[in-house]
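Q: Got a structure here, written out as structure tokens. Questions coming.
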Amino acid sequence: MAATKTTQLLATFWVGHAHLAIDAHHVQEVLVNQPMVRVPRTEPSVRGLINLRGQVVTAIGLADRLGIHQPADHNPPFCVVVRTDDGPVSLLVDSVGGVLNTEDLRCDPPPDTLDEAMQYLVTGVHQLQGDLLLVLDVARATEVRAGASTTSNDNQSRDNREEF
Amino acid sequence: MSDAEDMSEIIAEFLVESRENLDRLDEEFVTLEQDPTSAELLGSIFRTVHTIKGTAAFLDFTRLEQLTHAGENLLSLMRDGAMSLDSTLTTVLLQMVDRVRAILDVVEAEGTDAGMDVAEMSARLIALANGDTGPSPEPTPAARPAETAPAVEAVEEAETAPAVEAVEEAETAPAVEAVEEAETAPAVEAEAPETAAEVEIAAETGDPVDEPGVDTAEAAAHESPGAEISLAELDQLVHELEAAEAPPVLAFVDAPPAPTVAPAPVPPAPAPAAAAGAAPAAPTAEHGADGDKPTGAAGRSSTETSIRVDVALLDRLMNLVSELVLARNQINQNTGSDASAGLQAAAQQLDIVTGDLQQALMETRMQPIGNLWNRLPRMIRDLATQLDKRVSLEMEGSETELDKTLLEAIRDPLTHIIRNAVDHGLEDAAARLAAGKPETGTVSLRARHEGGQVIVEISDDGAGLNLEAIGAKVVDRGLMSAEAVADLSERELANLVFLPGLSTAKAITKVSGRGVGMDVVKRSIDEIGGTIDIQTELGKGTVFTLRIPLTLAIIPALRVRCADERYLIPQLNVLELHRVDPTAPIELVGDTPLYRLRGELLPLLHWSDVLADGPLPAKVWTDKYIVVLEANGRIFGFVVDAVENTEEIVVKPLRAHLKDLDTFAGSTVLGDGSVALILDPIGITRVVDLQAGDEPTRGGEHDQFRIKAGHETVLVCTSGSTRIGFPLDGITRLESIPLTSIEHASGVEVVTYRGRLMRLVRLQSLLPGGGWSGGGGGGFDDMVEAEAARSLLVLVHESDDDVAGIVVDRIIEVSDADPNGSRPGNYPVRVSVLIDGRVTDVIDIEAVVAATRGDTPAMSGAW
């Protein structure tokens, strides 16, 4: 389903061994090694708050969102700042790749074998040489996950809006 | 394109302005009802309705025009003295105002009023107008000179001034006003003629005017020097006017920059009014000459000195200034003494200018609370009518200003409280008379600034809250146990109305009483960092006190350090700061840490309770600072590692999905560019409450912070070998008394304590099987222990005329007694309960104190 709508330009990055991508148009900027302030008593995926030129931006650990296990003291150095309806949000990733034009690439729906957390975030898969590129839904990747049922509805409507 | 844009802009402005005017109408109608003869008020009301009508006609909102036209006719009859406002008329006219509001809403949504049905409402207005004026709807003579006199002025102006001015004046002058009269005179027409047609009619109807109104017109003519000018000349003027300007432009002539105030003919209304009231000619003439000045002040408020600004723009400005404040903070921090003199001076200048800018911008956002109160007279009137009560509203301090956002935030809570006051608070007339009160109930609003806050008091002189009923209800609903309720003070009882799901209204009325509301009120006030409190006296009335911060955007805060993290605490909640005194360490009573602050027991909360994730690290209590906080009416000490500084911070709201975090009120960027979280003292107490609820096995942990639900809280101690408990309520303080300070007075051990003589009560002698007579090792050992410590641990029980200290050996914990496992005991034991699975005798403190009061020598022998 999601594969029918392909994005032409993808910003790619790695979290652990996972090669991931989001629509490059959503990416505002990429920052390295931002000092971060912990937010107590919140979802584990909220890794902290960063100061983006006076704006306080939530940094979300993409590994936590995707269910990729990483050591507790592992701090991904890169912040991919993406624009959302609710202001900028920073996604924490281990390293960044380039911008990929997917015009001529085939996009498959996410395989059923992906675990639940991945299924929720991944909209499609591109086959690269010896590598799978997982394309993420920006809105879902940047949310702080609480109840999946309500948030997925939210996103449904948001997705629809994008189509119009 | 741009024309269409212009139009939509004009419409938008029309909507804003009309709504403001309608709000004022509400108020004026209510005032007028009390003083129906006020020509000034009537004039103002008439002008407002007329303005709306005129603009509606100009913008081609025919339904709106039809409705307001009917209303205007009715009003003009009143203004002319043919009718006077009574309560029926007021009600209908207020309904018209509501209808106009509804139409405006539709216009805003759909851009047209075509879908609105105004026939019925208009018909009612027309019927009222006809019904009272009878078969001869001719204008009363009194109105005539009013028309004539100012017209004369206009003509004068026309002669001496350039053409355009003449047009302006003619317009503002009653040329058109005459139209209004003319219209009213023959019959009530449903549709107003086009503007051009109006002018013509004015010219035509101008002639017959001098027939019936000759006397008064002449009278006016004598007083006003220009009055000889005949109506024929007026006629001529009107023709000139027609020739000079195309009719639609007419609307623009008077106020080119603000076309929505188009129906400029409105302004001269006070002149006729004044003349009708047989005012001296001079002021009348002045009115005529200055035409739009007096009304300019009343109608559109000081157009020259103020502009309308979108709040969103102000918000944006505020954000920018916030950024500037942060940049300023950073520059200040990085401009050390090693910086060049030039840089230092510049930094200082930046500091001052930024501060001033911030202040000035805050002021632009400030609005008088009166803006909120304007609607209340109308609301109260409607409520009073609906409930058949007599209510008068008093308002004081309506000029008190607070931030626009906050003003909006308190709108609903305030309305709710006032509705409640009228509905539940005030009794009906019969009950009031029976209670010896004046028949008319009073609701008073008072606002004032106090210490960086706005205090709003809403009081009524009604029946007051029935605290017993509230208590019973709380028990009935299972929100608290009867025992817990019995322990509450009156004030605490009154504040129970803020619990969710509580309404004590006997019957659910249309107005209120569904049991939703007061908790929402409280939550809304909490959300903006305010507090609400109730004081009530049965039969006398109730006072709600709201404390609201002036602004939310930039607040003074205390910067503290917890481990290696920095947090900010709003100064508003900080009562005082203490460094933990090494000689008076924090006492851990069971799990509950308490600190003795000037003899009072202050419950403590360690930062790790609130801010630590994962397993709690071992709490360290030494070498700490206690920030004494007040939140939600509770006072507690928040223990932090260090207190760094106070500073003005810019509150940045947390992203929507982090808003659920009760603990934090927002975030900010500190001077060094790092982000820090702002603690929400109210949220902190909530987090702690939640924890205690989640862990029933450790229920005793946070009793200081919550309403005790059904359990008596007991301080568990040992005395000798016996495990005893004391109801926490009965104990004022814990003290450690050096043995050397103990003296004997007539055989009783006493110590001087805070300037009073405190008796020491030894329980061992009173307890069966324990203590002295039992002689068991425990008593002796403990005695030795106490001796070794060279001090006695004493629970102080204080009453007005007595102070007694109960000696115990050791304090074990503070815990909840489970009433289910209790068994009544014999003196001095009031009840035996199970605490943590162990039998604990709860001492009847009052009985013990009373029994040892007239002390027997036997007591001293206890030692």
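Q: Which helices (runs of 4 or more DSSP H) does segment B:745-861 wholly contain that include 2 or more residues that are at pLDDT below 70? Steps first, please.
A: On the way: elements: B:771-774, B:777-789, B:845-851, B:857-860.
Ranges flagged: B:771-774, B:777-789, B:857-860.
Q: Within segment A:71-101, work out how many residues are closer than 16 Å to A:Leu9 by Cα and outside any strand (DSSP E or B).
A: Residues flagged as closer than 16 Å to A:Leu9 by Cα and outside any strand (DSSP E or B) within segment A:71-101 amount to 0.
Q: Among the candidates A:Thr12, A:Thr58, A:Thr7, A:Thr42, which residue alone is modelled with pLDDT of 90 or more, surrounded by 15 or more Cβ atoms within 10 Å (Cβ to Cβ) and more than 12 Å from A:Ser90 (Cβ to Cβ)? Give the steps one after another, and end with the answer.
A: Working: A:Thr58 fails: more than 12 Å from A:Ser90 (Cβ to Cβ); A:Thr7 fails: modelled with pLDDT of 90 or more; A:Thr42 fails: modelled with pLDDT of 90 or more.
Among A:Thr12, A:Thr58, A:Thr7, A:Thr42, only A:Thr12 is modelled with pLDDT of 90 or more, surrounded by 15 or more Cβ atoms within 10 Å (Cβ to Cβ) and more than 12 Å from A:Ser90 (Cβ to Cβ).
Q: Residues that are buried (at least 20 other Cβ atoms within 10 Å of the Cβ) and not small (Gly, Ala, Ser): which strands (runs of 3 or more DSSP E) entirely in segment B:555-637 hold 3 or more of them? Spell out how you get there, then give the answer.
A: Values: elements: B:565-570, B:574-579, B:587-589, B:592-597, B:600-606, B:625-631.
Where strands (runs of 3 or more DSSP E) fall fully within segment B:555-637 and carry at least 3 residues being buried (at least 20 other Cβ atoms within 10 Å of the Cβ) and not small (Gly, Ala, Ser), they are B:565-570, B:592-597, B:600-606, B:625-631.
Q: Right, something else. Taking segment B:106-118, which residues are of a type outside the set (Ser, Thr, Tyr) and surrounded by 13 or more Cβ atoms within 10 Å (Cβ to Cβ)?
A: Here is the first cut: in segment B:106-118, the residues of a type outside the set (Ser, Thr, Tyr) are B:106-111, B:113-118.
Correct list: B:Val106, B:Val107, B:Glu108, B:Asp113, B:Met116, B:Val118.
Q: Answer with yes or no whether A:Val82 is closer than 28 Å to B:Asp662 by Cβ, within 9 Å of chain B (Cβ to nearest Cβ) and surrounded by 19 or more Cβ atoms within 10 Å (Cβ to Cβ). Even if it seems obvious, please write down each step before you answer.
A: Working: closer than 28 Å to B:Asp662 by Cβ: yes; within 9 Å of chain B (Cβ to nearest Cβ): no; surrounded by 19 or more Cβ atoms within 10 Å (Cβ to Cβ): yes.
Spelling it out, it is not the case that A:Val82 is closer than 28 Å to B:Asp662 by Cβ, within 9 Å of chain B (Cβ to nearest Cβ) and surrounded by 19 or more Cβ atoms within 10 Å (Cβ to Cβ).
Q: Return yes or no: is A:Ser95 touching a helix residue (DSSP H, G or I) at 6+ places or on another chain (Cβ under 7 Å), over 19 Å from B:Thr668 (Cα atoms) and among the hydroxyl-bearing types (Ser, Thr, Tyr)? Write out each step before concluding.
A: Numbers: touching a helix residue (DSSP H, G or I) at 6+ places or on another chain (Cβ under 7 Å): no; over 19 Å from B:Thr668 (Cα atoms): yes; among the hydroxyl-bearing types (Ser, Thr, Tyr): yes.
Considered against the rule, which asks whether it is touching a helix residue (DSSP H, G or I) at 6+ places or on another chain (Cβ under 7 Å), over 19 Å from B:Thr668 (Cα atoms) and among the hydroxyl-bearing types (Ser, Thr, Tyr), A:Ser95 comes out as no.
Q: Taking A:Val89, is it more than 11 Å from the chain's Cα centre (by Cα), at pLDDT 80 or above and within 14 Å of chain B (Cβ to nearest Cβ)? It would help to see each step written out before you state the result.
A: Details: more than 11 Å from the chain's Cα centre (by Cα): no; at pLDDT 80 or above: yes; within 14 Å of chain B (Cβ to nearest Cβ): yes.
In short, no.
Q: Can you name every residue in segment A:35-58 that is more than 10 Å from chain B (Cβ to nearest Cβ) and within 24 Å of B:Asp672 (Cβ to Cβ)? Before you say what the answer is, go through the steps one by one.
A: Filtering segment A:35-58 for residues more than 10 Å from chain B (Cβ to nearest Cβ) gives A:45, A:47.
Correct list: A:Arg47 only.
Q: Scan segment B:622-631 and tell me whether some residue there is at the interface with chain A (Cβ under 9 Å from one of its Cβ atoms), closer than 30 Å to B:Asn495 by Cα and at pLDDT 75 or above.
A: The initial filter retains those residues of segment B:622-631 that are at the interface with chain A (Cβ under 9 Å from one of its Cβ atoms), namely none.
There is no residue in segment B:622-631 that is at the interface with chain A (Cβ under 9 Å from one of its Cβ atoms), closer than 30 Å to B:Asn495 by Cα and at pLDDT 75 or above.
Q: To continue, here is another question. Kindly provide the set of residues from segment B:406-456 that are surrounded by 17 or more Cβ atoms within 10 Å (Cβ to Cβ) and hydroxyl-bearing (Ser, Thr, Tyr), ordered by number.
A: Within segment B:406-456, B:Thr442, B:Ser444 qualify.
Q: Of (1) surrounded by fewer than 22 Cβ atoms within 10 Å (Cβ to Cβ); (2) of a type outside the set (S, T, N, Q); (3) at pLDDT 85 or above, A:Asp73 satisfies all except one. Which?
A: The single condition A:Asp73 does not satisfy is (3).
Q: Please determine whether any residue of segment B:522-538 is part of a loop (DSSP other than H, G, I, E, B), modelled with pLDDT of 80 or more and not aromatic (Phe, Trp, Tyr).
A: Yes, that holds for at least one residue.
Q: With the structure loaded, tell me whether A:Ser95 is small (Gly, Ala, Ser) and within 24 Å of B:Lys652 (Cα to Cα) or whether it fails that test. Write out each step before concluding.
A: Working: small (Gly, Ala, Ser): yes; within 24 Å of B:Lys652 (Cα to Cα): no.
In short, no.
Q: Report yes if some residue within segment B:692-701 is more than 14 Å from chain A (Cβ to nearest Cβ) and at pLDDT 75 or above; otherwise report no. Spell out how you get there, then give the answer.
A: If we filter segment B:692-701 for residues that are more than 14 Å from chain A (Cβ to nearest Cβ), which is where we start, we get B:692-693, B:695-701.
Restricting the remaining residues to those that are at pLDDT 75 or above gives none.
There is no residue in segment B:692-701 that is more than 14 Å from chain A (Cβ to nearest Cβ) and at pLDDT 75 or above.
Q: If we keep just the residues of segment B:664-681 that are in contact with a helix residue (DSSP H, G or I) (Cβ under 6 Å, 6 or more places away or on another chain) and surrounded by 21 or more Cβ atoms within 10 Å (Cβ to Cβ), which is nearest to the other protein chains (Cβ to nearest Cβ)?
A: Among those residues, the one meeting the criterion is B:Val669.
Q: Right, something else. Report, by residue number, each residue of segment B:456-473 that is under 26 Å from the mean Cα position of the chain (by Cα) and more than 14 Å from B:Ile417 (Cβ to Cβ).
A: Of all residues in segment B:456-473, those under 26 Å from the mean Cα position of the chain (by Cα) come to B:456-467, B:470.
B:Asp461, B:Ala463, B:Gly464, B:Asn466, B:Leu467, B:Ile470, listed by residue number.
Q: Is it fair to say A:Asp64 is at the interface with chain B (Cβ under 10 Å from one of its Cβ atoms), charged (D, E, K, R) and under 22 Å from A:Ala139 (Cβ atoms)?
A: Working: at the interface with chain B (Cβ under 10 Å from one of its Cβ atoms): no; charged (D, E, K, R): yes; under 22 Å from A:Ala139 (Cβ atoms): yes.
No, not satisfied.
Q: If I filter segment A:117-127 for residues that are within 12 Å of the chain's Cα centre (by Cα), of a type outside the set (A, V, I, L, M), at pLDDT 85 or above and within 30 Å of B:Leu661 (Cβ to Cβ), do I get at least one hit?
A: Within segment A:117-127 (the criterion being within 12 Å of the chain's Cα centre (by Cα), of a type outside the set (A, V, I, L, M), at pLDDT 85 or above and within 30 Å of B:Leu661 (Cβ to Cβ)), the answer is yes, since at least one residue qualifies.
Q: What residue, among those in segment B:404-445 that are in a helix (DSSP H, G or I) and among the basic types (Lys, Arg), is modelled with the lowest pLDDT?
A: Looking only at segment B:404-445, we keep the residues that are in a helix (DSSP H, G or I), and these are B:404-425, B:429-434.
Still in the list and also among the basic types (Lys, Arg): B:404, B:411, B:419, B:432.
Working: B:Lys404: 83, B:Arg411: 88, B:Arg419: 86, B:Arg432: 89.
The selected residue is B:Lys404.
Q: Any idea how many residues of segment B:632-652 are more than 9 Å from every other protein chain (Cβ to nearest Cβ) and closer than 30 Å to B:Arg328 by Cβ?
A: Step one: filter segment B:632-652 for residues more than 9 Å from every other protein chain (Cβ to nearest Cβ), giving B:632-649, B:651.
Filter once more, so that each one left must be closer than 30 Å to B:Arg328 by Cβ: B:638, B:640-649, B:651.
Residues meeting the conditions: 12.
The values are calculated or read from the model by the stated rules, or taken from the named source; none is laboratory data. Not measured: the values here are computed from a predicted model. We place every Cβ from the backbone using ideal geometry, glycine too, and count neighbours over all the protein chains shown.
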